[in-house]
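Every number in this text was worked out from the coordinates using simple rules, so none of it is lab data. Here the structure is a predicted model, which is why all the values come from computation and not from measurement. We place every Cβ from the backbone using ideal geometry, glycine too, and count neighbours over all the protein chains shown.
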Amino acid sequence: MKIIEKTQLSTNVRMDFPILQRKLVRNNDEIPLIYLDNAATTQKPQVVINRIAHFYTYQNANVHRAVHQLGEEATADYENARRLVQKFIGAAFPEEIVFTRGTTEALNMTAHVLGQFVKAGDTILISAMEHHSNLVPWQILAEKNKASLRFIPFDENGELILDDLFNNWDDSIKILSVTHGSNVFGTINPITEITRKAHEHGCIVVVDGAQSAPHLKIDVQEIGCDFYAVSGHKMCAPTGIGFLYGKKEWLEKLPPYQSGGEMIKSVWLESSIYNDIPYRFEAGTPNICGAIALGEAIQYLSKIGMAKIHEYERNLTNYALEKMQGIKGLKIYGNARNRSSVISFEMENIHPHDIAQILDHQGIAIRAGHHCAQPVMRQLKLSSLARVSFYFYNQFEEIDYLVKQLYKLREFFN
Ligand SMILES: Cc1ncc(COP(=O)(O)O)c(C=O)c1O
């Protein structure tokens with residue numbers, strides 16, 4: 001048995017999240033909420049909630065257009081949020097950050113604007129472990145441009161099988177789009193190495209960072225990728241905001257995604273001149289308050305420290321893995337050497353939806369389903385899996401309680 005340090009984060013971060021103080025009513029009793037569905041979305045600290053209220057209470061105005069004080073303040077704070085994101089992921093320039101609704105929109109945008117670089121007969125390479133949002137946009141592009149899709153397989157540990165790919169590189173591959181962190185297996189893919197090898201062949205590299213940026217220190221320059229997509233709501237910010245990082249030299253040569261206000265420099269009846277980056281990719285009124293709140297979330301996370309968050313979550317996950325592995329008939333899917341705080345599992349003779357529902361009766365929020373990764377489920381010959389996913393505000397005691405309830409379930413269904 002491994003000794004796992006039950007180190008706590010130095011600040012009592014739980015107190016920063018009002019929802020984590022909430023009690024749920026079960027059988028006329030109040031019980032604590034144990035929120036273990038963080039891969040779906042994370043909770044919001046009071047500072048982020050306050051920032052949203054402050055914006056709409058005192059600052060609300062549209063950005064980039066007004067000369068009045070409110071408009072100038074909103075613009076300054078929106079652009080400051082862009083610089084906070086830039087710093088958070090180690091981008092070289094603020095204009096490399098395009099605000100989007102989230103990872104899904106960022107990946108759709110990328111697939112759309114890269115269309116001109118994919119010709120008939122070319123190949124788009126993704127992995128077999130992708131979330132639907134890093135699969136369907138490429139299916140659409142491949143179909144439109146008569147290109148083919150190829151998939152990097154994964155092994156029984158949920159790790160990508162890369163040797164064959166890089167030893168026998170196919171020069172028809174023009175784009176590689178892969179997830180940094182798997183939302184099913186919790187695998188953290190060796191994205192820097194993948195990017196370096198793909199770049200040796202002149203291939204464009206796109207990374208889905210939805211499950212990695214909230215948990216790890218990201219440095220896009222160190223990774224070297226061309227595009228990196230992130231959702232704010234999975235890292236303490238509200239829903240409806242996220243971003244696409246794109247290398248300046250790429251964004252500068254790409255066409256707009258959507259069109260309308262803000263993305264133009266000048267417009268005639270017959271034609272238009274498009275704006276500079278990043279505004280060329282931000283048509284219409286953006287989610288101003290969302291971006292500012294994302295900036296607040298980033299400052300909050302940075303104050304705790306991403307390295308500290310990662311270390312704490314690693315201990316918590318190892319602790320949970322060890323405890324869960326002791327439960328008879330419980331099978332964990334994903335055993336990668338480098339992993340995040342996502343654990344997918346099934347229990348013999350108990351449907352994943354029943355696991356989720358019964359745990360909910362005990363106040364424990366987990367997820368069951370195909371996790372927007374139906375091809376992964378098909379390869380595993382499953383229709384669904386139960387999944388727990390932790391964030392830095394989860395505690396070892398919550399894992400103990402989860403494991404106790406799983407043992408009870410095991411006894412009940414025996
Ligand atoms: C790996 C991965 N990619 C992309 C997404 C899509 O993120 P969003 O729904 O925030 O756009 C998710 C969401 O769960 C995810 O886990």
Exercise. Residue by residue through the range 177-193, which ³J(HN,Hα) values in whole Hz follow from phi under the Karplus form 6.51 cos²θ - 1.76 cosθ + 1.60 (θ = phi - 60°), with glycine and proline marked x?
Worked result: 10, 9, 7, 6, x, 7, 7, 9, 8, x, 4, 9, 6, x, 6, 5, 5
Exercise. Which length gain, in nm to one decimal place, applies between residue 285 and residue 311 when the Cα-Cα distance is subtracted from 0.36 nm times their residue separation?
Worked result: 5.5 nm
Seminar exercise, completed: Residue span residue 70 to residue 161: 0.36 nm per residue of separation minus Cα-Cα distance leaves a gain in nm of 27.5 nm
Problem set entry | MRE, 222 nm, helices only [DSSP H, n ≥ 4, -39500 (n - 2.57), over the chain, to nearest 500] | -10500 deg cm²/dmol
Exercise. Can you list the HN-Hα couplings for the range 383-395, worked out from phi with the Karplus curve (6.51, -1.76, 1.60; θ = phi - 60°), rounded to whole Hz and with x for Gly and Pro?
Worked result: 9, 7, 9, 7, 9, 10, 8, 9, 10, 5, 8, 6, 10
For this session: Estimate the FRET efficiency between residue 61 and residue 265 by the formula 1/(1 + (r/R0)^6), using the beta-carbon distance for r and 25 Å for R0, to the nearest 0.05.
Result: 0.65
Problem set entry | Efficiency of FRET between residue 49 and residue 397 - r from beta-carbon atoms, R0 30 angstrom, step 0.05 | 0.75
For this session: For a label point 7 Å from the Cα of residue 117 along Cα→C-beta, name the residues of the range 126-144 whose backbone N is under 14 Å from it.
Result: none
Exercise. The chain: Rg/Rh from Cα coordinates, Kirkwood Rh?
Worked result: 0.99
Exercise. How much of the DSSP beta bridge set in the range 48-303 is antiparallel, as a percent to the nearest 5?
Worked result: 45
Exercise. Order of 65-74, 85-94, 213-222 by packing, highest average Cβ count within 10 Å first?
Worked result: 213-222, 85-94, 65-74
Problem set entry | Charge sum, other residues only, whose C-beta stays under 11 Å from residue 251's C-beta, Lys/Arg counted +1 and Asp/Glu -1 | -2
Problem set entry | Amide H partners (placed H, <5 Å) of residue 340, local residues excluded | 187, 188
Exercise. In a shell of Cβ-Cβ distance under 15 Å around residue 295, excluding residue 295 itself, what net charge do Lys and Arg (+1) and Asp and Glu (-1) give?
Worked result: +2
Seminar exercise, completed: Here the convex hull volume per residue of the range 9-108, taken over Cα atoms and given in Å³, is 178
For this session: Pull up all non-local amide H partners of residue 24: gap of 5 or more, or a different chain, and H-to-H distance under 5 Å with H placed in the peptide plane.
Result: 31, 33
Exercise. Which whole-number percent of Cα pairs in the range 51-149 have a distance greater than 24 Å?
Worked result: 46
Exercise. Which whole-Hz couplings ³J(HN,Hα) result when phi for each residue of the range 292-301 is put into the Karplus expression 6.51 cos²θ - 1.76 cosθ + 1.60, θ = phi - 60°, listed in order with x for Gly and Pro?
Worked result: 5, 5, 4, x, 5, 4, 5, 5, 5, 5
For this session: Quick one: pull the percentage of alpha-carbon pairs in the range 160-290 with a separation above 27 Å.
Result: 32
Exercise. Quick one: net charge of residue 75's neighbours, Cβ under 12 Å, K/R +1, D/E -1?
Worked result: -3
Seminar exercise, completed: Final fewest-first order of 212, 172 on the 10 Å Cβ neighbour count is 172, 212
Problem set entry | Among 176, 359, 316: highest mean-square fluctuation, GNM of the chain, C-alpha pairs under 10 Å | 359
Exercise. Out of 186, 158, 305, any idea which swings most in a Gaussian network model of the chain, alpha carbons joined below 10 Å?
Worked result: 305
Problem set entry | Compactness relative to 2.2 N^0.38 Å, alpha carbon Rg of the range 113-153 | 1.08
Exercise. Long-range amide H contacts for residue 152: which residues qualify at under 5 Å (H placed 1.01 Å from N, peptide plane, sequence gap of 5 or more or a different chain)?
Worked result: 126, 127, 128
Exercise. Out of the range 112-151, which trypsin sites (Lys or Arg not before Pro) are coil in DSSP terms and have no more than 16 other C-beta atoms within 10 Å?
Worked result: 119, 146
